[in-house]
């Protein structure tokens, strides 16, 4: 009887110890799950290096003369294919727009279409008396990957008329090992930890 009581007490102590382990493990399990979800839902990319694609410029095309206003041209140079300062492979700019903002909040929208590699578009021309507040150039291109990272297919470059040139540049997006890595690594460890804890709590009753 004494032996049976001692065995029973031992199993009770083991059961209490297992319960204590489970209580302690719960915060750890929660942290593991949160880490896994944070990796899956967190930021999946970081800003990498800048890739230069071309130049947006504004200049006088026809000088003003008495009684006749001159002409100002807003140009876009596609300089892809000119390494090392610009992206080495030639790509086309498509759906290119140049928007000139005026003081009365109206705009002049120049739709330039496609600009091929090493081409210059000078179709956006206005009288030099036009009070341009700012110039915005937008366009698309086929996305590509460089040593700096992934470059998605659009650009948006703004130019203050005080400055005559602005580089058309886009940021490369560099994947971080936070999303799929945490999901694939954190989740198996979490599941294994829960299974091990459950086996320990169940085996003492066998």
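The values are calculated or read from the model by the stated rules, or taken from the named source; none is laboratory data. Being a predicted model, the structure only gives us computed values, none of them experimental. Counting neighbours? That spans all protein chains shown, and the Cβs are built from the backbone with ideal geometry, glycine included.
If you go through segment 86-106 and pick out every residue that is assigned to a loop (DSSP other than H, G, I, E, B) and in contact with a strand residue (DSSP E or B) (Cβ under 6 Å, 6 or more places away or on another chain), you end up with 3. So, residue 123, is that one closer than 17 Å to residue 59 by Cβ, in contact with a strand residue (DSSP E or B) (Cβ under 6 Å, 6 or more places away or on another chain), assigned by TED's automatic domain parsing to the domain that holds residue 59 and free of Cβ contacts under 8 Å to residues at least 40 places away in the same chain or not? When the stated conditions are applied, residue 123 passes them. For the subset of segment 122-166 comprising residues that are within 21 Å of residue 91 (Cβ to Cβ) and assigned to a loop (DSSP other than H, G, I, E, B), which member is nearest to the chain's Cα centre (by Cα)? Ranking the qualifying residues of segment 122-166, first place goes to 152. Taking residue 168 as the residue in question, decide whether it is at negative phi and at pLDDT below 50. Criteria not met by residue 168. Does residue 152 meet the test of being crowded, with 16+ Cβ neighbours inside 10 Å, over 30 Å from residue 70 (Cβ atoms), assigned by TED's automatic domain parsing to the domain that holds residue 61 and modelled with pLDDT of 75 or more? Judged against the criteria, residue 152 is not a match.
Taken together, 82, 56 contain a single residue that is in a strand (DSSP E or B) and either under 29 Å from residue 173 (Cα atoms) or free of Cβ contacts under 8 Å to residues at least 60 places away in the same chain (or both), which is 56.
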